[in-house]
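For reference, the structure is listed below as structure tokens.
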Amino acid sequence: MDQLKALIREVPDFPKPGINFYDITTLLKHPDGLRGTVDALCAEFRGERVDTIIGIEARGFIFAPAMAYHLGAGFVPARKPGKLPSECASISYDLEYGQDALQIHRDAVGSGHRVIIADDLLATGGTASAVVKLVEQLGGKVIGLAFVVELEFLPGRKRLEGYDVRSLIKYQT
């Protein structure tokens, strides 16, 4: 994972002073970096029976379809309200300074579907936790959550306690 971590650009004081932003676009533009990331995410769940990979808007859309392809599963996007054309299940959740919401098609996850939730970053865990609740409301079973980067100094993993959380690259400060 050190090779992948070396491809991530660290941008100090973005989006505001005191924040260190981990920019994965430099990893994505590197062919071996992108391939290695997708392969490593899939290796975390190889051998599991997976029905669906849910990608969280927007950067989860980069990894979830590739994972779904490699694991022989379907892909479902979790989107902001008003972006999906059919009947949706919705969930609102708290952000650090406000609220947000996500939706998936009501028929995207059925009773007993085995689901992996994928995104680029685990920070506070609010968004991922909301998608877990959405999946469970529809009768699905979350068998794992996959992240490229985890900020271990934030409470994301604790918020997802009881679930199988996998991350490739960890930052401690």
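Dipole orientation for segment 48-171: of the candidates Leu168, Leu95, Gly156, Leu168 has the Cα lying most toward the positive pole (charges on Cβ; Lys, Arg +1; Asp, Glu -1). The separation of segment 1-40 from segment 133-154, counted between C-alpha centres, amounts to 21 Å. For Lys133, which lysines qualify as cross-link partners when the Cα separation must be under 28 Å and same-chain residues fewer than eight apart are set aside? Within the straight-line limit of under 28 Å, Lys133 reaches these lysines: Lys80, Lys83, Lys141, Lys158, Lys170. Of the residues Gly126, Ile104, Gly60, the one whose Cα sits farthest toward the positive end of the charge dipole of segment 1-146, with +1 on the Cβ of Lys and Arg and -1 on the Cβ of Asp and Glu, is Ile104. Charge dipole (Cα centre; +1 on Lys/Arg Cβ, -1 on Asp/Glu Cβ; no other charges) of segment 48-171 amounts to roughly 120 debye. The three principal axes of the Cα atoms in segment 56-117 give end-to-end lengths of 37, 23, 21 Å, sorted in falling order.
What the Cα convex hull of segment 25-92 gives, in volume per residue, is 115 Å³. If you sort the three axes of the alpha carbon gyration tensor as a ≥ b ≥ c, you get a/c of 1.5 or more for segment 1-42 and a/b above b/c, which makes it prolate. Comparing Asp119, Asp107, Asp13 in a Gaussian network model of the chain, where Cα atoms under 10 Å apart are tied by springs, the biggest mean-square fluctuation is seen for Asp13.
Since every read-out is calculated from the coordinates, none of them should be taken as a lab result. It should be emphasised that the depicted structure is a prediction, and the values quoted were computed from it without experimental measurement. Cβ atoms come from the backbone with ideal geometry, glycine included; neighbour counts cover every protein chain shown.
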